[in-house]
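Engineer: Shown below is the structure under consideration.
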Amino acid sequence: MGARKKHAPRRGSLGFSPRKRAARLVPRVRTWPKVDLGEPKLLGFIGYKVGMTHVFMIDDRPGSPTEGREIFVPVTIVETPPVFVLAVRLYGHDPNRGLYTLGEAWTEPPPELELHRKVPTLGGFNTEEKLKKLESMLDKAREVRVLVATQPKLTGGLSKKKPDLLEVKVGGVDDIGKLFDYAAGILGKNLPVNEVFKVGQFVDVIAVTKGKGFQGVIKRWGVKELPRWHKHRKGSRKIGARSHGKGTFWETPQAGQTGFHRRTEYNKRILIIDDEGYKITPAGGFLHYGIVRSTYIVLSGSIPGTPKRPVVMRYPVRPPAWWVKLVQEKGSIPEPKITYISLESKQGV
C-alpha cells in the first residue's frame, strides 16, 4: 500500500481474479456435493429471480439470542416453473482425463417447448434402444446426469420463449443402478421443484451478478481516494503503479470490467415453496419483473443478479453445522414458521 509505514489489508479479494465477464448467462455447476438422501434425486434446479421482500418468522436456530422469538428476515423470490427432462447422460472416469461421456439418450421435445437448438437425432431418437445401451455400460459409469430445459412460457415476468438448458447430477444414493433407473423414469416428463427441494433446507445459489461496465479502481477494488488537500497533480482517483521492470504487478488494483461475474452464494434457506404465485405478488407486480404465475421459492437473504436472471440452486456443499445437528436430532428437516409476509415489492441487490 505505497509508502505506509504500518501494515494495512489490501483492497478487494484476489480470489476472484481475473474479474472478467461471465462466459454464459446460465452458469455451469462446477462442484456437486455428495449427499445421502436415501433415495435418488436431482441435486439442483433452475429458476428465475423475481425480486425481494421481507418476512417475519420464529427464530429456530439453537443457541441464538433470539431463539423462539419473532425476527425480521429479508427474502428473495425465485419463480421455478417445472423443468422438462430432455436427456440422460452417463459419465465414466479415467485417472488421466477425469470424467468423460459414455453415452446419452434423448427424448423428443414437445412442440410447446419451442427448443431453439438442434438435438442429437442421428439415427432417430430411439429412446428405449439407447437407454438399453446405456444400461449395458453401468459397470463403467461413475455419474448419472440429466439435461433439463426450463419453461419460461409458464412464468409471469418473462417475455422470452426460448428455454434455458442445464445439466444436473442425479444423486442421493451410492447405487449407480438406482440412479440410472430414476433418471430413465423421469426422462421426457415435467419435474416440479418440490420433488427436488424441501421447505426448511439450505441451498447454494449460483448466478451472474449485475453488470456495471468498465469502472475505475475506486469502485472496482474499493481503494481509498487521495485526500483533496494532497498534492495529486495527476488526479485523486488513481493508484500508483507498482512495477517490477517488465510491467505492472498483477496484484495492483486496476480499472476494468466490474460486475457480470459468475458467483456462488452459500447456504440460503428455503422458507416457502408454493404453487400459487398470486399469494406473493404485490399489487401491480414486482418491480422489473411483473406477476408470479407458477411455482415459486422464497429464499432467505439476497442472491446475485438482476430480476429475470436465471438462478441455479443446488444442494449445499457445506451446510451449517447447527442445521445438520438439528436434522439428525429430529430425524427430518424442520420447517420454518412464517408469521407475516410483506407484499410490498423491494428492488433486489
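The values are calculated or read from the model by the stated rules, or taken from the named source; none is laboratory data. The shown structure was predicted, so the numbers you read here are calculated from the model rather than taken from an experiment. FYI the Cβ positions are ideal-geometry reconstructions off the backbone, even for glycines, and counts take in every protein chain you see.
Engineer: If Gly259 satisfies every condition in (1) surrounded by 15 or more Cβ atoms within 10 Å (Cβ to Cβ); (2) free of Cβ contacts under 8 Å to residues at least 60 places away in the same chain; (3) more than 21 Å from Leu25 (Cβ to Cβ) but one, which is the exception?
Structural biologist: (3)
Engineer: Out of the strands (runs of 3 or more DSSP E) lying entirely within segment 174-290, which hold 1 or more residues that are among the polar types (S, T, N, Q)?
Structural biologist: Details: elements: 202-208, 211-215, 256-259, 262-274.
Here the list reads 211-215, 256-259, 262-274.
Engineer: Going by what's in this entry, would Leu138 be described as more than 17 Å from Lys34 (Cα to Cα) and within 23 Å of the chain's Cα centre (by Cα)?
Structural biologist: Values: more than 17 Å from Lys34 (Cα to Cα): yes; within 23 Å of the chain's Cα centre (by Cα): no.
Here the answer is no, as Leu138 does not meet what is asked.
Engineer: Sticking with this structure for a sec: Which numbered condition trips up Glu70, out of (1) acidic (Asp, Glu); (2) surrounded by 11 or more Cβ atoms within 10 Å (Cβ to Cβ); (3) closer than 20 Å to Gly171 by Cβ?
Structural biologist: (3)
Engineer: Further question: Since Leu14 meets every condition but one in (1) of a type in the set (A, V, I, L, M); (2) touching a strand residue (DSSP E or B) at 6+ places or on another chain (Cβ under 6 Å); (3) surrounded by fewer than 17 Cβ atoms within 10 Å (Cβ to Cβ), which condition does it not meet?
Structural biologist: Among (1) of a type in the set (A, V, I, L, M); (2) touching a strand residue (DSSP E or B) at 6+ places or on another chain (Cβ under 6 Å); (3) surrounded by fewer than 17 Cβ atoms within 10 Å (Cβ to Cβ), Leu14 violates only (2).
Engineer: Condition first: touching a residue at least 40 places away in the same chain (Cβ under 8 Å) and exposed (fewer than 14 other Cβ atoms within 10 Å of the Cβ). Now tell me which residues in segment 326-338 satisfy that.
Structural biologist: Once the filter is applied, which keeps residues that are touching a residue at least 40 places away in the same chain (Cβ under 8 Å) and exposed (fewer than 14 other Cβ atoms within 10 Å of the Cβ), segment 326-338 yields only Lys337.
Engineer: Read through the list (1) more than 30 Å from Val119 (Cβ to Cβ); (2) out of contact with any His (no Cβ under 7 Å at 6 or more places or on another chain); (3) surrounded by 14 or more Cβ atoms within 10 Å (Cβ to Cβ), then give the number of the only condition that Lys178 fails.
Structural biologist: It fails just one condition, (1).
Engineer: For segment 62-158, which strands (runs of 3 or more DSSP E) that fit wholly inside it have 3 or more residues that are over 26 Å from Arg309 (Cβ atoms) and outside the structural domain of Gly301 (by TED's automatic domain parsing)? Walk me through how you get there before you give the answer.
Structural biologist: On the way: elements: 70-79, 83-94, 98-106, 143-149.
The strands (runs of 3 or more DSSP E) meeting that bar are 83-94, 98-106.
Engineer: Scan segment 25-47 for residues that are in contact (Cβ under 8 Å) with a residue 12 or more places away in the chain and in a loop (DSSP other than H, G, I, E, B) and report the count.
Structural biologist: Total satisfying the criteria: 15.
Engineer: Go through (1) assigned to a strand (DSSP E or B); (2) surrounded by 15 or more Cβ atoms within 10 Å (Cβ to Cβ) for Lys308 and report which single condition fails.
Structural biologist: (1)
Engineer: If you don't mind, there's one more thing I want to ask. Between a residue in segment 49-61 that is touching a residue at least 24 places away in the same chain (Cβ under 8 Å) and closer than 22 Å to Val292 by Cα and any residue that is part of a loop (DSSP other than H, G, I, E, B) and among the acidic types (Asp, Glu), which pairs come within a Cβ distance under 7 Å, given they are 6 or more apart or on different chains?
Structural biologist: Once the first residue is touching a residue at least 24 places away in the same chain (Cβ under 8 Å) and closer than 22 Å to Val292 by Cα and sits in segment 49-61, its partners that are part of a loop (DSSP other than H, G, I, E, B) and among the acidic types (Asp, Glu) give Thr53/Glu344.
Engineer: If you check Glu79 against the conditions, is it in contact with a Phe, Trp or Tyr (Cβ under 8 Å, 6 or more places away or on another chain), farther than 16 Å from Ser302 by Cα and of a type in the set (Asp, Glu)?
Structural biologist: Against the criterion (in contact with a Phe, Trp or Tyr (Cβ under 8 Å, 6 or more places away or on another chain), farther than 16 Å from Ser302 by Cα and of a type in the set (Asp, Glu)), Glu79 does not qualify.
Engineer: In contact with a Leu (Cβ under 9 Å, 6 or more places away or on another chain), aliphatic (A, V, I, L, M) and modelled with pLDDT under 95, is that true of Val55?
Structural biologist: Values: in contact with a Leu (Cβ under 9 Å, 6 or more places away or on another chain): yes; aliphatic (A, V, I, L, M): yes; modelled with pLDDT under 95: no.
Considered against the rule, which asks whether it is in contact with a Leu (Cβ under 9 Å, 6 or more places away or on another chain), aliphatic (A, V, I, L, M) and modelled with pLDDT under 95, Val55 comes out as no.
Engineer: Within segment 208-223, which residues are closer than 19 Å to Arg11 by Cα, surrounded by 14 or more Cβ atoms within 10 Å (Cβ to Cβ) and under 22 Å from the mean Cα position of the chain (by Cα)?
Structural biologist: none
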